[in-house]
Amino acid sequence: MDFRAITMGLAFAIMWSSAFTSARIIVASAPPLTALSIRFLISGLLGVIIALMLKQSWRLTRAQWRATIIFGICQNALYLGLNFVAMQTIEASLAAIIASTMPLLVALAGWIIFGERLTPLAIIGLIGGVIGVSIIMGTRLQGGVDMYGLILCIGGVIALTFATLAVRGATSGGNFLMVVGLQMLVGSAALSVAAAATETIQIAWSWQLIAAFVYTTLIPGLAATLVWFMLVGRIGATRAATFHFINPFFGVAIAALMLGEALRINDMIGVAVIMAGILAVQMSKQKN
């Protein structure tokens with residue numbers, strides 16, 4: 001793994017983790033699905049326009065179109081939609097921790113669904129991940145966490161797991177930026193239907209809301225997704241997924257710094273255990 005790949009991986013981790021904090025600011029003042037749909041519409045159009053300027057084509061292969069649609073629905077509409085709704089009632093740090101378990105769920109799904117053999121290191125990593133989540137959830141449940149929001153986050157990370165399994169098909173064949181833009185437009189279309197059916201538009205305008213929306217649209221929304229696709233194309237999905245192991249730390253740290261969310265000792269212990277578990281699972285894949 002070269003220096004450029006490492007830089008891209010760290011940049012992705014920071015941008016991805018910061019999205020939970022900016023989302024928490026947005027949903028405090030605007031209907032979540034409507035805001036997210038508009039965000040993806042803007043990001044998607046920007047991505048497609050820039051891709052066309054770079055001479056990229058939207059004539060994707062059949063496999064690319066299928067994977068792009070799946071990725072747009074599972075990640076953008078389901079994963080982020082459920083998380084945006086959930087963060088009306090739960091902390092950004094908890095949402096980030098739950099979402100960060102995705103690599104563990106991918107490994108588990110590979111074992112259960114595809115019959116992939118797990119090495120002893122991978123098994124240790126999965127067990128460590130379960131222990132880390134248990135430590136955090138035990139504290140949060142005792143503290144009265146909103147169960148509805150928690151269930152939405154869990155549903156979101158399951159959807160993200162399926163989206164991740166579709167990344168390989170979406171990135172093969174080039175046209176990275178075009179694929180990014182199109183999958184965002186897919187997510188925007190799906191979210192707009194859900195928003196129209198369930199939400200009333202009431203917005204409490206403030207400079208914090210505008211700043212958070214612009215940041216979320218351009219950085220976690222467009223830049224992070226593009227960097228992730230490029231990173232997967234450069235070093236492969238398995239090695240790229242290694243960078244997910246630092247997402248729990250960044251997610252908790254950024255939420256504490258920007259939102260003043262409490263840093264609980266059990267949360268920090270749980271985050272450390274989850275990070276070790278994710279790293280063990282990813283190292284086992286690279287070893288194979």
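Derivation of every value follows stated rules applied to the coordinates shown; laboratory data play no part. All values reported here derive from a predicted model rather than from experimental measurement.
Pairs of Cα atoms in the chain fall into 10 Å distance bins, from 0 up to the last occupied one, in shares of 7, 29, 37, 22, 4, 0 percent. Using the rule -39500 (n - 2.57) for each DSSP H run of four or more residues, divided by the residues of the chain, the 222 nm mean residue ellipticity is -24000 deg cm²/dmol. Rounded to whole numbers, the Karplus 3J(HN,Hα) couplings from phi for the range 9-22 are x, 5, 4, 4, 4, 5, 5, 4, 5, 6, 4, 5, 5, 5 Hz, using 6.51 cos²θ - 1.76 cosθ + 1.60 with θ = phi - 60°, and x at Gly and Pro. Equivalent-ellipsoid semi-axes for the range 1-98 (Cα gyration tensor, √(5λ), whole Å, largest first): 26, 19, 13. Calculated translational diffusion coefficient of the range 206-266 (10 °C, 1.306 mPa s; Stokes-Einstein with Kirkwood radius over alpha-carbon pairs) equals 116 µm²/s.
In the range 94-216, Rg over Rh equals 1.03, where Rg is the alpha-carbon radius of gyration and Rh the Kirkwood radius from pairwise Cα distances. Backbone phi angles across the range 64-75, fed through the Karplus curve with coefficients 6.51, -1.76 and 1.60 (θ = phi - 60°), yield HN-Hα couplings of 5, 4, 4, 5, 5, 5, 4, 5, x, 6, 6, 7 Hz in residue order; Gly and Pro are listed as x.
Along its three principal directions, the equivalent ellipsoid of the range 54-127 from the Cα gyration tensor extends over semi-axes of 27, 24, 10 Å, largest first. Note that the range 29-39 has calculated 3J(HN,Hα) couplings of 10, 9, x, x, 5, 5, 4, 5, 4, 5, 4 Hz, one per residue in order, obtained from phi through the Karplus relation 6.51 cos²θ - 1.76 cosθ + 1.60 (θ = phi - 60°); glycine and proline are x. Can you compute log10 of I(q)/I(0) for the range 176-284 with the Debye formula, treating each Cα as one identical point scatterer, at q = 0.11 Å⁻¹? At q = 0.11 Å⁻¹ the computed log10 ratios are -0.56.
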